[in-house]
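These notes concern the structure reproduced below.
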Amino acid sequence: MSAIISKDEPSPLPSHLIPCYLQENDIVPEFKNMVLSLPREKGWLASYLHLYQGFWHSTRQIQGVLSIQKHFKSLDNDILLVTTPKSGTTWLKAIIFSLVNRSVFPDTKHNHPLLTTNPHTLVPILELSLYMPSKSKHVIPDLSSIFKASVDSPRFLSTHLPYVSLPDSVKNSPCKLVYLCRNPKDVFVSLWHFTNRLKPESCAQNTIEESFEKFCEGVSSYGPVWDHSLGYWKVSSERPEKVLFLNYDDMRKEPFSHVKKLAEFLGFPFSTEEENNGDVTRILELCTFDNLSNLEVNRTGKLSSGEENKAFFRRGEVGDWVNYLTPEMTKKIDSIVEQKLHGSGLKF
Ligand code: A3P
């Protein structure tokens, strides 16, 4: 593991070039001592990653994490999508949104929210948007006015939090968790591209070699990725009614059966009539990589936090890692994963 960097090291970016998603200078007073007390390493994109409850978080993100732990209360019928970044969050948000709201938006070709709104805007990540303190201020969101929750319409939320860091109200309530994992080699390649893409032009790009070393040490946003997946894998084995554990590669291979399973798990099963009517297929078509990535909103729009929507769509392929990792890198990461997953029953 590389050395912990000095607390006095200045941000490498001049302040006028710092996009919203990189702003990190003002830690809210409520969390300042806590954040500064944590071990930290140089980040991939933001200046620092902080180690909290065994996982790494940027300075902005850790404040959202602490805020959720303190303030978020789940409702019994909440649906929470959990992923590590670059596991296919955008895709599964679109699928679950369409599935859960299909009676309100049955027409996937006209007037469907996904045609004009990025999935991350429709389904915000709790700690990165709703609970993210900004500019030294920390306003607790009023979720009841944002989501008009009722028995018929659950709140659909998302998070990248590891299981250990979920608030007790989420762990102990009957709310449902859908977890999506992805082959760590593809997650790494996707994350390396993504972070370089979000860097302002004036900043040097991360080399694949240095990023790979960090990733293997677990030092990546919400990493170590394998520990993240193992946490949810364990709970899904013990409480299958609580956590549905999905794999991006398996879903790409057999999307139809996975979406049906997902609908059943969430309590919105497709009727035979709906299935015969092509409703599952229509949702899948709406959410394909080609369809979503070619929409105007996803070609030209931005999130409120500043990221370009198109940054969330790269290639959308299974196994793209073969084009980037050397045989040595492959051997190294395979051996880490094998060692970590040994005896767990989990396979990527
Ligand atoms: P690649 O970088 O390998 O192409 P996340 O949504 O968690 O940030 O993950 C992003 C990854 O999912 C990217 O992978 C992206 O291209 C892929 N992706 C985005 N939308 C998708 C979709 N509709 N279907 C399949 N993959 C998608």
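The values are calculated or read from the model by the stated rules, or taken from the named source; none is laboratory data. A quick note: this is a predicted structure, and the numbers were derived from the prediction, not measured. Cβ: placed from backbone, ideal geometry, glycine included. Neighbour counts: every protein chain shown.
Filter region 173-190 for residues that are touching a strand residue (DSSP E or B) at 6+ places or on another chain (Cβ under 9 Å) and of a type outside the set (A, V, I, L, M, F, W, C) and give the result. Those that are touching a strand residue (DSSP E or B) at 6+ places or on another chain (Cβ under 9 Å) and of a type outside the set (A, V, I, L, M, F, W, C): K176, Y179, R182, N183.
Residue-wise test of (1) under 21 Å from the mean Cα position of the chain (by Cα); (2) without any contact (Cβ under 8 Å) to a residue 60 or more places away in the chain; (3) assigned to a helix (DSSP H, G or I).
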site	(1), (2), (3)
I68	yes, no, yes
S74	yes, no, no
N77	yes, no, no
L80	yes, no, no
I95	yes, no, yes
F105	no, yes, no
T108	no, no, no
L114	yes, no, yes
L128	yes, no, no
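Among the residues making up region 5-51, a single one is at pLDDT below 95, touching a strand residue (DSSP E or B) at 6+ places or on another chain (Cβ under 6 Å) and surrounded by fewer than 16 Cβ atoms within 10 Å (Cβ to Cβ): I5. Screening F268 with (1) away from the ligand (no atom under 16 Å from the Cβ); (2) in a helix (DSSP H, G or I) gives one miss only, at (2).
Return a yes/no flag: does region 305-324 have any residue that is touching an Asp or Glu at 6+ places or on another chain (Cβ under 9 Å), farther than 19 Å from T84 by Cα and outside any loop (DSSP other than H, G, I, E, B). Even if it seems obvious, please write down each step before you answer.
Taking region 305-324 as the starting set, the residues that turn out to be touching an Asp or Glu at 6+ places or on another chain (Cβ under 9 Å) are 314, 316-321.
The next check asks that each one be farther than 19 Å from T84 by Cα; those that pass are none.
Scanning region 305-324, I find no residue that is touching an Asp or Glu at 6+ places or on another chain (Cβ under 9 Å), farther than 19 Å from T84 by Cα and outside any loop (DSSP other than H, G, I, E, B), so the answer is no.
Scanning region 283-300 for residues that are within 19 Å of the chain's Cα centre (by Cα), in a loop (DSSP other than H, G, I, E, B) and surrounded by fewer than 19 Cβ atoms within 10 Å (Cβ to Cβ) returns a single hit, T288. The condition of being hydrophobic (A, V, I, L, M, F, W, C) and within 15 Å of the ligand (Cβ to nearest atom) holds for only one of V235, V318, V243, that being V318.
So, in region 173-204, exactly how many residues are of a type in the set (S, T, N, Q) and either within 11 Å of the ligand (Cβ to nearest atom) or modelled with pLDDT of 95 or more (or both)?
4
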